[in-house]
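Step one of this worksheet: look at the structure below.
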Amino acid sequence: MAVSISEQLQLLKRGTVEVYKEEDLAERLELAKKLGRPLRVKLGMDPTAPDIHLGHTVVLRKLRQFQDLGHTAVLIIGDYTARIGDPTGQNTTRPILDPEKIEANAKTYFQQAGKILDTSPDKLEIRYNSEWLAGLKLAEIIRLMASITVARMLERDTFEIRYKNGDAIGLHEFLYPLMQGYDSVMIQSDVELGGTDQTFNNLIGRDLQRIVNQLPQIVITMPILVGLDGKDKMSKSKGNYIGVTDSPKEMFGKCMSISDTMMENYYTLLTDIPQEKIRELLDPSKTHPKEAKVLLGKVIVEQFHGEEPAQAAAEEFERVFAHKQLPEDMPQVPIAPDPIPAGKLIFQCGLVESGGQAKRMIQQGGVEINDRRVADANEMITPTDGMILRVGKRKFAKLIVRG
């Protein structure tokens, strides 16, 4: 590891919220250098959904920084903890997921995380926490639960709020942070990464490591990435996300929709551009905001798709939105010439995910047919050959009428 300890600290602290504790991290880096042993840096991900988005990549990118500095990333797929479901931020008990659903989701995680991480065997260790959690005996679980008090658990704001409100808390939910902490013991992690919402879980890992006389892991928390709406945490359920599997065109278009005030956060957390350069890009006297946003979109798309697709997506966006032209790769949808309600038409063409979404988009003025805004989801539309449908700013379809 040729990079000095101070340089490592400067890089690793970028974009973080808290390091528990910074002086411990410096000492652990020094120890790793002295012993010639890379740090074991843990990140746990529960496969509760099949896809990951840019919000997830904030911690994945930090994990990649550790890899690039010569340390070992340990990615824990929480196939067993997912059966409980992380109670973080939940005002009700999560439903227990079935093993088949968890397994199907887990299969996609490694492929998607591999877009960010170095997947070389000497740089990345993939572990499933069912390896050690599935075989725990009742006596071992009791011993684990005895290590933390109920008062300590109620320090967690999620549990505290629900307890004060008289809302149900399942005993199995208390097991979740213990199981996540036990993961740290089993892989002997030196560092654990997580969003600020994972602070309690990660600090429990430190407590459990102390009990078994391991050096307590350093916990590094990262900010929660705000979604495209500029208000809530990026989430697929809220529809305010950029997925890592989005097409270059979709990914770039979504980047261009963020507000100017969000750019600093996105630049800092989602790119490697130096802070001095970011300050220059965000200074309107030096860089026009649109130019800064275009660069941001290109840098993000390039990470997942490469330089040429990123440039093509930027040019397509400029052609369609700045010059009001139609996209070159507009999907062509074969359809019968029979009259059909507008809402059903755009749903049938795959431009919305449900009839309810179709109705909302039309009510919000987001649907045009041949450049005419549609005001009523029940308006009967007679498809004609070459008819152009537009939903929102980025979704188009061209109708091909069947005989």
| request: Can you work out which of the residues in region 204-256 that are crowded, with 21+ Cβ neighbours inside 10 Å, hydrophobic (A, V, I, L, M, F, W, C) and over 16 Å from the mean Cα position of the chain (by Cα) is farthest from LEU54 (Cα to Cα)? | output: LEU208
| field | helices (runs of 4 or more DSSP H) enclosed by region 96-157 - at least 3 residues per element that are touching a strand residue (DSSP E or B) at 6+ places or on another chain (Cβ under 9 Å) and modelled with pLDDT under 90 | value | 99-113
| Looking at (1) under 26 Å from ILE116 (Cβ atoms); (2) open to solvent by 50 Å² or more (accessible area, probe 1.4 Å); (3) not in a loop (DSSP other than H, G, I, E, B), which is the only condition HIS172 fails? | (1)
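Out of the residues in region 354-385 that are on the phi > 0 side of the Ramachandran plot and open to solvent by 30 Å² or more (accessible area, probe 1.4 Å), state the one that is modelled with the highest pLDDT.
Checking each candidate, the answer is ASN370.
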| query | Looking at this structure, is GLY181 of a type outside the set (D, E, K, R), closer than 17 Å to ILE204 by Cα, open to solvent by less than 50 Å² (accessible area, probe 1.4 Å) and at pLDDT below 80? | reply | no
| remark: By residue number, the members of region 271-292 that are open to solvent by 80 Å² or more (accessible area, probe 1.4 Å), assigned to a loop (DSSP other than H, G, I, E, B) and under 23 Å from GLY55 (Cα atoms) are ASP272
| said: Against the condition within 16 Å of HIS71 (Cα to Cα) and either more than 19 Å from the chain's Cα centre (by Cα) or open to solvent by 70 Å² or more (accessible area, probe 1.4 Å) (or both), how does VAL3 come out, does it pass? | reply: yes
| How many residues are open to solvent by less than 20 Å² (accessible area, probe 1.4 Å) and over 19 Å from ASP385 (Cβ atoms) when one looks only at region 334-353? | 2
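The values are calculated or read from the model by the stated rules, or taken from the named source; none is laboratory data. Keep in mind the model is a prediction, meaning the values are calculated, not measured. Quick reminder, even Gly has a Cβ in these numbers, built from the backbone with ideal geometry, and neighbours come from all protein chains shown. Areas reflect the complete protein model, heavy atoms only, side chains present, ligands, DNA and RNA absent. Shrake-Rupley method; radii C 1.70, N 1.55, O 1.52, S 1.80 Å.
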